[in-house]
Structures are given as structure tokens and as C-alpha cells.
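Chemist: Pasting a structure below so you can have a look.
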Amino acid sequence: MLVYYLDLAFRGLKRNRVLTALMVLAVAMGIGACMTTFTVLHVLSGDPLPGRSGSLYYPQIDPRDMESYTSGVEPPEQVTWLDGLYLLHARRGSHQALMTGGMVPLQPAQSSIDPFHANARYTTADFFPMFGVPFQYGSAWSQAEDDSKARVVVISSALNDKLFGGKNSVGKTIRLQQTDFRIIGVLGDWRPNPHFYDLYMGAYADYEDVYVPLFTARDLSMDHDGTTDCWGNGASDPQHLEQSSCTWLQFWVQLDNPASVTAYKAFLQHYSEDQHAAGRFVRPPNVRLRNVTQWLDFKQVVPSDTRLQAWLSVGFLIVCLINTVGLMLAKFMRRAGELGVRRALGASRRALFGQLLLESGVIGLAGGVLGLLLSLLGLWLIRQQPSDYAKLAHMDSLMLLATFALSVVASMLAGLLPAWRACRIAPALQLKAQ
Amino acid sequence: MDIRPILVTLRRHKFTCCLLVLQIAFTCAIVCNAIFLIGQRLERMRTPSGIAENELVYIQMADIGNRPDAKARAAEDLAALQAIPGVKSAALVDELPFDMGSDNMDVRTDPNQRMATLSASQYFGEGLTKTLGVKLIEGRDFRPEEFVDLSDVYTALAQQQYEKLPKTTLITRDMAERLWPGQDPLGKQIYVGTGLPFTVIGVLQNLIRPGQDRLELGAQYSSVWPVRIPLVQGASFLIRCAPQDREQVLKSAVDKLKALDPNRIVLGKGTMEQHRRDFFQNDRAMAGILFGVCLALLVVTALGIVGLASFWVAQRNRSIGVRRALGATRGNILHYFQTENFLLTTMGIVLGMVLAYGINLFLIVHYELPRMPAMYLPIGALILWGIGQVAVLGPALRAAAVPPVVATRSV
């Protein structure tokens, strides 16, 4: 029976080739546009560290003066050197790290490679175990190296490929800002998206190539990059950021259960109160403690243009679907005579309905397959764009499934209504009209 | 033409008509808003910079390692750049117009004011106004003796010796108008940080502020300070020359800077025109996408109208024949279908206007966009009327060509 219906459907579709092509194309364009934008949205709003991001928290406290103060104002998004050190040394979480970013001049030993600026992360030791960073060779540094301001460095696998041809480079030396550093670890594949721990270098920016202990970096006055917010007369003299009233560091802490989160929030509150009482904090205590997901939501990392494009494509899909429903309806209604004959000859309403639905389903499926191709083309086009997230735009298996689901649902929706209308005709009336 | 028979006929295809009206309404609503958004982007891309854009090249550099002689190095570099044939002027500046990031400060007109009046970008660098080619419309430029070294500024701030800070500043016309509406800004004081006073000695016509996210906060809120800088982080050499010399000058400047001190890295270089293009690349891409979607929507809708109209023509073949046999002219039949389409499109447009307004409200709430001016609605209406008439013309002509003899044929 199904084969017979399929045969009927193909005959029906073949009768108006142009119209069939038009309907397939409309569905395909709608689905193609939707899946392109939704894939980008999906990639950009993904969980950077699945399984870990729920227990990683980003504390905020407010050390600013009363200038422009209003109650309920959001605390600064980064911490000062003093507060960062205090939180770090308090060790209230199972892991914690104080960090910031920068650019470091790197002079390769090979004369064939010109000196270049490497993207750097200055951080304390817990960065690696806390974020679950995989290592290809060697390992991270420990707190002892932090404290002794050791000249050690961890490099990315990309940099290892570039400088050492991908071989184990642990123990070798690289020159950063005219100082020799010993490589103690080479990272494996590690690119959490978005770049959640420091959104100030671009949320989907290129990843760091060198990781240097924070105190070592400050000792050598390596350049700090990213956002620096100052108040009062605290000019952001890059050499003396430690003493200035500026926030420029990110502090992350791992808290494994709800009780420790509550305790940590209370700890932040107490610290603020103490500082307020001591006169260092002028504003009333004002703290926030967000985990990775909450932080990314708050910062609205997904570019608003991307969200706008997603809405736009939804609108486009709606128009395409209405278009297809209208055309399909007109087409089915025109075949009222034929349907009337079949009804009169004993075909049940359900059988007609099934047959028409199959016909629209074929259109939807064809549209879906074409739409998938169009969205692959769309993603390719997006990858040619210069924005920093462009190269992330790839379809994964989840979005592939979603595309098929969408096309089937869309075509069923588009076919359901016309099929239902068409099979409600009274056979006698149709036959009489002939 | 009497529209009653058309309405009566349409009532017999209620469902299909509703779908067409709905499609036109959605298209109209999306197209109106998209055109409005495109207009916004184009306006942003046309922001005047106030600088001699086609005469400027820049080189962003960084030292490898710390330099104790940074001040002397910078002076020597600038002298060497000035000596290149074709160079009109050169400066070392802390930030460039059309940089993605920016340095900003809060500005007050009264030291006790709690909320700052505005936030403005701060340009440092000796010879910056002359090199950028900004137009001074009031007052004077800095005198050479007014310049203070950046390192001395840091020291003065750290030791609270505020008398060693520069005393003067240049601001833009827009900024002056926001600070003191309708008044002469010359000689007035602005307050920065914890109420440090600076005197406005000149007003610039325009000077765009850097920072991708800052243009909405006042594209021309820029101030220029008599601060001399060495090659600090983020600083760039800015060179002005004749438009046709830019390539050559840029090349010799890079060579010369590398020759003077090989121990540094070129982080970026190019012409200011390219820098402007890069700055607005997202806006250009978005405008392009919106335009593409508009076009695709209109094509889909037009094809939908063609399809439906063709069906109706075919379906009514016999009644058209009857009408022709009873004396209707070809013109009557043509007009019938055109009027029918006009009526449906008008219904769609009316519904579309309401939807367009709704979408605009949504955008205002979620994307902080301004309210769409009413003029975009008639534009959308005209486009859809036009598309509708063009789309229906083919089927309508086919209908008009139906010979009266059809009426006598049985199916």
C-alpha cells in the first residue's frame, strides 16, 4: 500500500514540476537559513567545560569608591591585586586560581622564525587541575614554582608544533621577553568555547600559546592585556598595577557542593565587611558568586547579531512554510475531482489523508535534504567571514539530527493542514460538479 | 471596478486567502524591520571620523623586553620617520581611531557631581592633531611647552603631585555641546578622576573615538591631551602623507623602524582606510545578510503569489470564458486579477504593519534599538504592492488570453 501511495505521490508531484520545485526550494531555503544560524548559536552558546562548569565559580566584590555609586550596582567584573591575593591565599575552595592575560614577545631559537608576540596567560598553579587541562607531555607547575617565581612555562600543542615540530619539548628552553624559560609541559587539545575564564580578550578569541606563573610574569613586568578598570586617580601605569586602585585580574574557584557555595558567599561577605570596617572598601559590602553558566549568561557572550540572525531565520522559515502550505493547499484542492472519484470508489477518508500527507512528506524530506546542503553552504560562507568566532561554525551530529527533525516536522506541519482540508470534501458534490 | 464580486469569490477560498495574507503580512513586517536595521548599520558605517583618512598610515609596534631609554628612542624614531620623503607629519599615539579597544575616562563639569556627565576617549601623543588632520574650529592647539611625558604623569599621580600634571585639553564640538549646551566651552574646566581640573583650550570639529562598543555612547566624545608617550603597549606610529604615497611611505617607514632597532615586533600596519573597513566589517556583514534575507523573502513571496494566482486562473478557466462570452473585455479580466491581488496585498500590509510594530518593540526591548521611524512602513507597503502586481501580471495576462469559446466546451 505504501509503495502504491509513494507512486501516487510521485505522479502527483510530477504533474506540476515547476510548482513542486518551488515548494521544495522554499522549504529548503527556510530550513537552510534556520539551521545555519542555529548551528552558529549552538556552537557559541555551548558549555565550555562539560561536567565541570557547574562547580566553577567567579567571585565578585566591590572595592570601588563612592563615585557614581547607586545601591544594587553590579560589582566590578575583575578583582584587584590585593583582593585577588587574599582570596587566593585563603584557600576556601578545593581549587582556586588568580590569573590575567597578556602578550609576550617570543624569540625562537631558530633563526628561520622571526620573533613574534605570543598570546599568554599568567596564572597560579591551580588553573590546570581546576579546569581539567589535558597534557600531551610533562605536567603543570605546582605552588612551589608559583612561590619561587620560577622561570617555567607550559606551552600549547600549536606552539609546540610550530617551534619543535610536535616532538616532546619538555626540558627545552624558550626565550620570552629576553628571559630563558624552561618548558615543563605541553598541552593536549584544549579549546573551551567560549573563552569563559577571561572574556576581555574576545569571547571566542585565539587561545593562549604560553602559560606563565603569575608571580613570575609580574616579576618580569610582562605586559598585561585585557580590560583594566580604575577609579579615583588610579592611573593604569602598567608597571605598578599592584599598588593602583584598578581591577585587572580574574579569580576562579572550584566549589564542589551547595554547602561550600553558601559558605563561600558568606566568606566573601565577611571579607567585604572587614575591609569596609577597616576603611579600605568605601561602598557597603556587595558580592556576587556566579558559576560558569550564570557568568556567561550575565555577560551575554553570544554576539547579539548572532541572536538577531537566528530570529531573522525563524521569521524566514515561517514565511517559507506558509508559502508551501498555501501552494500545497491550492494544489490539493485542484485535485478535488480525482479525490472525489477515489472517495466514491470506496477509499476511506483516512486513506486519502495518508496519501496526501505522504505527498507533502516527500516534499518536506526533499526540502530537508536540500536544506541540509544549503546550511552546509551557509556555514562554509560564515567560516569565510573575518569575525573571531567564524572558524568555529561547524555542524555537529546533534545539529545534523536537529536539521532532519526540523525538516520532517516542518513538512508534516505544511502537509497536515492541506491534506486535512482536501480530504474533507464531499464526494458526491465533486462528482456532480464534473 | 466593482470589488464586490471579487470579495465574494475570495470568500470561497477563505483558507488559501488567509494563508496568502499571512505570508504577505510576515514578509512586510520582516522587510520593514530589516530595512530599518540596514539603515542603522549604514548610518553607523558612515560615522564621520574628522580625520584625513585617505592620507594616513599606521604601524603598531612592541619592544622585545623593557627599554630604559624609551623616551630617547621614541624621539629618534619620530625624527627618522619625518625624514622619509613624502612624509608630511608623524606622531606616536596611544590609540588610533577605529581601534577595537579604547581608553576612556569619566568627565564632569563640577568636581562634586556624583554621576559623570559623559565618558570620553583619551588621545595622547605629541603632534597628534596635526598628523590626524583634525580641524580646530575654536581656540588653539597645544604649545610645545605644555607637553608632559607619560612617565611623569604616572609619577605625579602616584605621588599626588597634581601640579605636575598637564593643565589643558582639547575636546570635540559634540562633547562641548553635551557638557555645556549652548555655551562657549573655551576656558571652562572639566574634572577628571577625583576632581582634577583641566582647562579646555580648543574645540575640534570631529574626532571619532575608538572602541567597537563605544560608538553608541557618543561617537565623537574624544579628548586630546598634551602627553608625550614612548612606545608603550598598544601605541602606534601614525604617519601622514599624500594618498598616492601611502604604500611607499609605509614600506620605507617599517624598514626604517626595523633598522633603527631590530629588537621589536610589528604587530599591525596598514592604511587608515583599511583600518576603518576592518572596524565596520561586522556591520557590513550584517547589512549584507539582512539585505539577502529581504531579497529571499520577497522572491519566495512573489513566487508564492505566482503559484497561487496560476492555480486560480486555471481553476476559473471556464468562468473566465463565460465572462468573456458575456461581453467582458480582456482588460476587464486582467483588471479583475490585478485588483484581487491588490486587495489581498493590502490586507496583508495592514496586518504586516501591526506585526512590524510588534517586532520593533521586541527589538527595542531585547537589542536596545531605537524606535523605527514611521517612514519605513510606507516603504515596506510600496515594495509589497509592487512585488504583488509584478507577480500577478503573468497569470493575469494568461487569464486575459482565455478565449470566450472555452465557455462552450465541456470539461
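Chemist: Can you confirm whether the range B:238-255 contains a residue that is among the hydroxyl-bearing types (Ser, Thr, Tyr), away from chain A (no Cβ under 14 Å) and assigned to a strand (DSSP E or B)?
Modeler: no
Chemist: Just to be sure I understand the filter: pairs with C-beta atoms under 8 Å, separated by 6 or more residues or on different chains, first member in the range B:184-200 and more than 14 Å from every other protein chain (Cβ to nearest Cβ), second member of a type in the set (Lys, Arg). Which pairs pass?
Modeler: Matching pairs, first to second residue: B:Ile190/B:Arg108; B:Thr199/B:Lys167; B:Thr199/B:Lys188; B:Val200/B:Lys188.
Chemist: Select from the range A:371-418 the residues that are open to solvent by 30 Å² or more (accessible area, probe 1.4 Å), of a type in the set (S, T, N, Q) and within 14 Å of chain B (Cβ to nearest Cβ) and list them in ascending order.
Modeler: A:Gln384, A:Gln385
Chemist: Looking only at the range A:86-106, decide whether some residue is part of a strand (DSSP E or B), among the charged types (D, E, K, R) and either in contact (Cβ under 8 Å) with a residue 24 or more places away in the chain or over 19 Å from A:Leu249 (Cβ atoms) (or both).
Modeler: Looking through the range A:86-106, none of the residues is part of a strand (DSSP E or B), among the charged types (D, E, K, R) and either in contact (Cβ under 8 Å) with a residue 24 or more places away in the chain or over 19 Å from A:Leu249 (Cβ atoms) (or both).
Chemist: I'd like to know if the range A:239-261 contains one or more residues that are within 14 Å of chain B (Cβ to nearest Cβ), at negative phi, in contact with a Phe, Trp or Tyr (Cβ under 8 Å, 6 or more places away or on another chain) and hydroxyl-bearing (Ser, Thr, Tyr).
Modeler: Checked the range A:239-261: at least one residue is within 14 Å of chain B (Cβ to nearest Cβ), at negative phi, in contact with a Phe, Trp or Tyr (Cβ under 8 Å, 6 or more places away or on another chain) and hydroxyl-bearing (Ser, Thr, Tyr).
Chemist: If you don't mind, there's one more thing I want to ask. Condition first: at positive phi and out of contact with any Ser or Thr (no Cβ under 8 Å at 6 or more places or on another chain). Can you find one or more residues in the range A:361-373 that meet it?
Modeler: First, pick out the residues of the range A:361-373 that are at positive phi: none.
Scanning the range A:361-373 turns up no residue that is at positive phi and out of contact with any Ser or Thr (no Cβ under 8 Å at 6 or more places or on another chain).
Chemist: Residues that are buried (at least 19 other Cβ atoms within 10 Å of the Cβ): find the strands (runs of 3 or more DSSP E) completely inside the range B:78-194 holding 3 or more of those.
Modeler: The qualifying strands (runs of 3 or more DSSP E) are B:87-93, B:118-124, B:168-172, B:189-192.
Chemist: Give the range A:40-59 a look and list any residue that's assigned to a helix (DSSP H, G or I), crowded, with 20+ Cβ neighbours inside 10 Å, of a type outside the set (Gly, Ala, Ser) and out of contact with any Ser or Thr (no Cβ under 7 Å at 6 or more places or on another chain), or say none.
Modeler: A:Val43
Chemist: Additional query: Determine whether B:Gly101 is in contact (Cβ under 8 Å) with a residue 24 or more places away in the chain and on the phi > 0 side of the Ramachandran plot.
Modeler: Answer is no for this residue.
Chemist: Something else now. Among the candidates B:Ser121, B:Ser89, single out the residue that is within 26 Å of the chain's Cα centre (by Cα) and away from chain A (no Cβ under 14 Å).
Modeler: Sole residue among the options that is within 26 Å of the chain's Cα centre (by Cα) and away from chain A (no Cβ under 14 Å): B:Ser121.
Residue-by-condition table, conditions (1) under 30 Å from A:Arg334 (Cα atoms); (2) within 11 Å of another protein chain (Cβ to nearest Cβ):
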{"position": "B:Ile265", "(1), (2)": "no, yes"}
{"position": "B:Thr271", "(1), (2)": "no, no"}
{"position": "B:His275", "(1), (2)": "no, no"}
{"position": "B:Phe279", "(1), (2)": "no, no"}
{"position": "B:Arg284", "(1), (2)": "no, yes"}
{"position": "B:Val293", "(1), (2)": "no, yes"}
{"position": "B:Val299", "(1), (2)": "yes, yes"}
{"position": "B:Ala302", "(1), (2)": "yes, yes"}
{"position": "B:Gly307", "(1), (2)": "yes, yes"}
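Chemist: Further question: Could you go through the range B:31-48 and let me know if any residue there is surrounded by fewer than 17 Cβ atoms within 10 Å (Cβ to Cβ), part of a loop (DSSP other than H, G, I, E, B), more than 10 Å from chain A (Cβ to nearest Cβ) and touching a strand residue (DSSP E or B) at 6+ places or on another chain (Cβ under 8 Å).
Modeler: For the range B:31-48, residues surrounded by fewer than 17 Cβ atoms within 10 Å (Cβ to Cβ), part of a loop (DSSP other than H, G, I, E, B), more than 10 Å from chain A (Cβ to nearest Cβ) and touching a strand residue (DSSP E or B) at 6+ places or on another chain (Cβ under 8 Å): absent.
Chemist: Just name the residue that is farthest from the other protein chains (Cβ to nearest Cβ) out of those in the range A:337-369 that are of a type in the set (A, V, I, L, M, F, W, C) and open to solvent by less than 10 Å² (accessible area, probe 1.4 Å).
Modeler: In this case the residue turns out to be A:Leu352.
Chemist: Here is a further query. When you look at B:Leu10, is it within 11 Å of another protein chain (Cβ to nearest Cβ), crowded, with 18+ Cβ neighbours inside 10 Å and either of a type outside the set (Phe, Trp, Tyr) or in a helix (DSSP H, G or I) (or both), yes or no?
Modeler: No: the conditions fail for B:Leu10.
Chemist: With respect to B:Ile51, is the statement that it is part of a loop (DSSP other than H, G, I, E, B), of a type in the set (Val, Ile, Thr) and on the phi < 0 side of the Ramachandran plot true?
Modeler: yes
Chemist: Quick check: is even one residue across the range A:181-194 touching a residue at least 24 places away in the same chain (Cβ under 8 Å) and within 14 Å of chain B (Cβ to nearest Cβ)?
Modeler: Taking the range A:181-194 and keeping what is touching a residue at least 24 places away in the same chain (Cβ under 8 Å), we get A:181-190, A:192-194.
The next check asks that each one be within 14 Å of chain B (Cβ to nearest Cβ); those that pass are A:181.
Checked the range A:181-194: at least one residue is touching a residue at least 24 places away in the same chain (Cβ under 8 Å) and within 14 Å of chain B (Cβ to nearest Cβ).
Chemist: In addition: Could we say that A:Asp62 is buried (at least 17 other Cβ atoms within 10 Å of the Cβ), in a helix (DSSP H, G or I), more than 14 Å from every other protein chain (Cβ to nearest Cβ) and among the charged types (D, E, K, R) here?
Modeler: No; evaluated as a whole, the condition is false for this residue.
Chemist: Quick one: is A:Asp161 under 25 Å from B:Gly234 (Cβ atoms) and more than 9 Å from chain B (Cβ to nearest Cβ)?
Modeler: no
Chemist: OK, next. Go through the residues of the range A:3-12 one by one and say whether even a single one is surrounded by fewer than 20 Cβ atoms within 10 Å (Cβ to Cβ) and within 25 Å of the chain's Cα centre (by Cα).
Modeler: No, every residue in the range A:3-12 fails to be surrounded by fewer than 20 Cβ atoms within 10 Å (Cβ to Cβ) and within 25 Å of the chain's Cα centre (by Cα).
Chemist: Quick check on the range A:94-103. Is at least one of its residues open to solvent by less than 50 Å² (accessible area, probe 1.4 Å), β-branched (Val, Ile, Thr) and within 29 Å of A:Asp256 (Cβ to Cβ)?
Modeler: yes
Chemist: Kindly provide the set of residues from the range A:348-377 that are among the hydroxyl-bearing types (Ser, Thr, Tyr), more than 13 Å from A:Ala33 (Cβ to Cβ) and assigned to a helix (DSSP H, G or I), ordered by number.
Modeler: A:Ser360 - this is the single residue of the range A:348-377 that is among the hydroxyl-bearing types (Ser, Thr, Tyr), more than 13 Å from A:Ala33 (Cβ to Cβ) and assigned to a helix (DSSP H, G or I).
Chemist: Among the residues of the range A:302-329, what is the count of those that are in a helix (DSSP H, G or I) and either aliphatic (A, V, I, L, M) or more than 7 Å from every other protein chain (Cβ to nearest Cβ) (or both)?
Modeler: Total meeting the criteria: 18.
Chemist: If a residue must be crowded, with 18+ Cβ neighbours inside 10 Å and either within 14 Å of chain B (Cβ to nearest Cβ) or polar (S, T, N, Q) (or both), how many such residues does the range A:68-90 contain?
Modeler: Total meeting the criteria: 2.
Chemist: If you don't mind, another one. Counting only residues that are more than 30 Å from A:Ser111 (Cβ to Cβ) and not hydroxyl-bearing (Ser, Thr, Tyr), which one in the range A:202-216 is surrounded by the most Cβ atoms within 10 Å (Cβ to Cβ)?
Modeler: That would be A:Leu214.
Chemist: Further, regarding this structure: Could you list, in sequence order, all residues of the range A:140-176 that are closer than 15 Å to A:Gln107 by Cβ and either open to solvent by less than 20 Å² (accessible area, probe 1.4 Å) or not assigned by TED's automatic domain parsing to the domain that holds A:Ser221 (or both)?
Modeler: Within the range A:140-176, A:Val153, A:Ile155, A:Leu159, A:Leu163, A:Ile174, A:Leu176 meet the criteria.
The values are calculated or read from the model by the stated rules, or taken from the named source; none is laboratory data. Quick caveat, the model's predicted, so the values are computed rather than measured. Please note: Cβ atoms are built from the backbone with ideal geometry, for glycine as well, and neighbour counts cover all protein chains shown. Accessible surface areas use protein heavy atoms only, side chains included; no ligands, DNA or RNA. Shrake-Rupley method; radii C 1.70, N 1.55, O 1.52, S 1.80 Å.
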